[in-house]
Amino acid sequence: MNAIGIDVGSLTAKVVLLRDGRPASYVVIRPGDDVDGAVKQAVQEVLARAGLDGPDGSYIVATGIGAKQLTFARESKAITTCLARGINRLFPSVRMLVDIGAETSTVVRLSERGRVTDWGNQDKCAAGTGIFLDQMSRLMQLSFAEMSALYREAKSPADITSTCAVFAESEVISHIHRDPPTPVPDVVAGIFASTVSRLMVICKRLGIQREVAASGGVALISGLVQELGKELGTEIIVPEEPRIVAALGAAILAEEAIQKGQLS
């Protein structure tokens, strides 16, 4: 029986097939309105990539805010549990994971066995999430790669202190249009620093641990990860594909269910 994990987030869905304890294949999709149908097709795709037949012979565990929309998953598990199990499989030495998604940011402390010991999140405002950074990228007319390159040229990061994404955007606009304008690298550094400051509130509340990893789509923004590492005082570990960590954790739980014979 195949072990498959699915993480359905606010913008993307991730599907991971586990074989011999490691990801055999995976896909990341934007499911659109028909989440159930789109994710079902994604499951068939990961199986086909691994040379396997359809999903009937699979044990599927789902997680994420959209997990309940899936009619074919055997179980639904907490996102924190799946994040912890996924990063532990990839990097057993990690004791703190910072997951930055489109609409929420979550920090998980975990044990050496990949179990959650504490966690915290912020989902009340877009500030500190991928949506905020996407808005800033569009406003600045810069790609994330360009923003990361400019971040490394910054001399004095711009002050962007508002805890509200709307007001923070207004602060960025004021920096751009003031006379003389704030240098673009400094504005970018201010944006990254503002985002990281939201994450640091959670990290400090939980108690900063070593080693630290980052996951979620925002972990692909190297400048943001560098700023986070600077504030935490440590180098941040980033998986090769940071978006699939929770789906990998769900697949690990599916694998354990198969091993325990929980197949009914």
Practice task
Determine, yes or no, whether GLU227 is touching a residue at least 60 places away in the same chain (Cβ under 8 Å), in the same structural domain as ALA168 (by TED's automatic domain parsing), of a type in the set (Asp, Glu) and surrounded by fewer than 18 Cβ atoms within 10 Å (Cβ to Cβ).
Solution key: no
Problem - Qualifying residue in segment 89-106 (condition: touching a residue at least 60 places away in the same chain (Cβ under 8 Å) and under 16 Å from ALA254 (Cα atoms)) - result: yes
Exercise for the section: Determine, yes or no, whether ALA189 is assigned to a helix (DSSP H, G or I) and either surrounded by 23 or more Cβ atoms within 10 Å (Cβ to Cβ) or touching a Leu at 6+ places or on another chain (Cβ under 7 Å) (or both). Expected result: yes
Practice task
Out of GLU171, GLU256, GLU241, GLU231, report the one residue that is acidic (Asp, Glu) and touching a strand residue (DSSP E or B) at 6+ places or on another chain (Cβ under 8 Å).
Solution key: GLU241
Exercise for the section: Evaluate segment 231-241: report whether one residue or more is touching a Phe, Trp or Tyr at 6+ places or on another chain (Cβ under 8 Å), over 20 Å from ARG109 (Cβ atoms), in contact (Cβ under 8 Å) with a residue 24 or more places away in the chain and not in a helix (DSSP H, G or I). Expected result: yes
Handout entry: Residue among GLY64, GLY5, GLY37 that alone is in contact with an Asp or Glu (Cβ under 8 Å, 6 or more places away or on another chain) and outside the structural domain of THR129 (by TED's automatic domain parsing)
Key = GLY64
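One line per residue, one yes/no per condition, for (1) more than 23 Å from VAL225 (Cβ to Cβ); (2) among the hydrophobic types (A, V, I, L, M, F, W, C); (3) touching a His at 6+ places or on another chain (Cβ under 9 Å):
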| position | (1), (2), (3) |
| --- | --- |
| LYS68 | yes, no, no |
| THR71 | yes, no, no |
| LEU83 | no, yes, no |
| ILE87 | no, yes, no |
| PHE91 | no, yes, no |
| ARG109 | no, no, no |
| GLY130 | no, no, no |
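The values are calculated or read from the model by the stated rules, or taken from the named source; none is laboratory data. Values in this document were obtained by computation on a predicted structure and should not be read as measured data. Neighbour counts are summed over all protein chains in view; Cβ atoms, including those assigned to glycine, are modelled from backbone coordinates with ideal geometry.
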